[in-house]
Amino acid sequence: AQSVTQLDSQVPVFEEAPVELRCNYSSSVSVYLFWYVQYPNQGLQLLLKYLSGSTLVKGINGFEAEFNKSQTSFHLRKPSVHISDTAEYFCAVSAYYQGAQKLVFGQGTRLTINP
Amino acid sequence: NAGVTQTPKFRILKIGQSMTLQCTQDMNHNYMYWYRQDPGMGLKLIYYSVGAGITDKGEVPNGYNVSRSTTEDFPLRLELAAPSQTSVYFCASRVAGGHETQYFGPGTRLLVL
């Protein structure tokens, strides 16, 4: 069975500092990985996804993630964060369940940006 | 396009009451999903549907029911509300095929007292 582990439940950083949110996955088959962001009191929206090809994936709002097959990781990074990046971030792996695609989510990482 | 819409935004239920959470999408997506989000637990799949008239259980279906009579609508029914169903519920949809992006609604916050 596929699973996702987000190694940090909370990450506080100062504005304009770099940030890395860690995600590790386990899968015995081909891997398709996603990062979603949830702003306060809103639904989830896609930041970026890895389906195939280049292991460095660029997403919206200056975020990027690197797929590392040997370390089974898909860490999310941003070189300089803003107050508006305060949100909860979810890593997810796409899996087939009873013949239909579903997302298996990590526990989430709450990113707090301090001025 | 409104995308995925959910109603109500917030509801308080008493133990044993029933209610229906509404979900509608206007993107003509075949696949629709219901998740619940509990603090520190990520999102768990309750039910999903691959098209009108076809539904199936996810990881945590107990206490819930669904129907899919149209492509657009995918309501989630709670028959006998229990405190363990206090959660935030998200509906999502996507096109068929591959590992396409799921699009989420804004959520319904449910409190069972």
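The values are calculated or read from the model by the stated rules, or taken from the named source; none is laboratory data. These numbers come from a predicted model, not from an experiment. Positions of Cβ are generated from backbone atoms using ideal geometry, with glycine treated the same way; all protein chains shown enter the neighbour counts. Accessible surface is based on the protein model in full, side chains and every heavy atom, while ligands, DNA and RNA are left aside. Shrake-Rupley method; radii C 1.70, N 1.55, O 1.52, S 1.80 Å.
Odds and ends about this structure:
- Once the Cα-Cα distance is subtracted from the 0.36 nm per residue extended length, the B:GLN22 to B:GLU79 segment shows a gain of 19.1 nm.
- Among beta bridges identified by DSSP and lying wholly in chain A, the antiparallel ones come to about 90 percent.
- Residues listed by number, segment B:84-113, amide nitrogen under 13 Å from B:ASN30 label point at 7 Å toward C-beta: B:94-100
- Chain B: relative contact order as a whole-number percent, Cα under 8 Å and 6+ apart: 36
- The simple spin-label model puts a point 7 Å past each Cα toward its Cβ; for B:MET41 and B:PHE10 those points are separated by 2.1 nm.
- Residues of segment B:75-111 that bury at least 40 Å² of accessible area once all protein chains are present, compared with their chain alone (1.4 Å probe, heavy atoms only, ligands and nucleic acids left out), are B:HIS99, B:THR101, B:GLN102, B:PHE104.
- Portion, in percent, of the accessible area of segment B:46-96 that falls on carbon or sulfur, probe 1.4 Å: 53
- Selection from B:GLN6, B:GLY98, B:PRO83, by position along the positive dipole direction of chain B (Cβ): B:PRO83
- Atom-type composition of the exposed protein surface of chain A places 50 percent of the accessible area on carbon and sulfur (1.4 angstrom probe).
- For the protein assembly as shown, the solvent-accessible area of protein heavy atoms averages 47 Å² per residue (probe radius 1.4 Å; ligands and nucleic acids excluded).
- Computed from the Cβ-Cβ distance with R0 of 41 Å, the FRET efficiency linking B:GLU59 to A:GLU16 stands at 0.55.
- Karplus-derived HN-Hα couplings along segment A:100-115 (A = 6.51, B = -1.76, C = 1.60, θ = phi - 60°), whole Hz, x at Gly and Pro: 10, 6, 9, 9, 9, 9, x, 6, x, 10, 8, 9, 10, 9, 9, x
- Estimated buried accessible area (total), pair B and A, 1.4 Å, Å² to nearest 100: 1900
- Of A:VAL93, A:ASN41, A:PHE63, farthest towards positive along the dipole that unit charges on Lys, Arg, Asp, Glu beta carbons give chain A: A:VAL93
- Average other protein chain Cβ within 10 Å of Cβ, residues A:95-106: 6
- Karplus (6.51, -1.76, 1.60) ³J(HN,Hα), θ = phi - 60°, over segment B:76-85, in Hz, Gly and Pro reported as x: 10, 10, 10, 8, 10, 4, 10, x, 5, 8
- Rounded Å value of the spacing that divides the Cα centres of segment B:44-113 and segment A:1-50: 22
- Considering only alpha-carbon pairs that sit under 8 angstrom and 6 or more positions apart, the relative contact order computed for segment A:3-114 is 37 percent.
- Spin-label zone in segment A:1-19 - amide nitrogen under 13 Å from a point set 7 Å from the Cα of A:ILE83 along the C-beta vector: A:15-16
- Cleavage-rule hits, GluC sites (Glu not before Pro), segment A:1-73, DSSP coil, Cβ neighbours within 10 Å at most 14: A:GLU15, A:GLU16
- Links that overshoot a 22 Å alpha carbon limit, given the list A:LYS49/A:LYS69; A:LYS49/B:LYS9; A:LYS49/B:LYS44; A:LYS49/A:LYS102; A:LYS102/B:LYS14; A:LYS58/B:LYS57: A:LYS49/B:LYS9; A:LYS102/B:LYS14; A:LYS58/B:LYS57
- Rounded to whole Hz, the Karplus (6.51, -1.76, 1.60) HN-Hα couplings of segment B:101-112, x for glycine and proline: 5, 8, 10, 9, x, x, x, 10, 8, 10, 10, 10
- For the segment A:36-42, counting C-beta atoms of other chains within 10 Å of every residue's C-beta and taking the mean gives 3.
- Cα gyration tensor shape for chain B, rounded if a/c is under 1.5, else prolate or oblate: prolate
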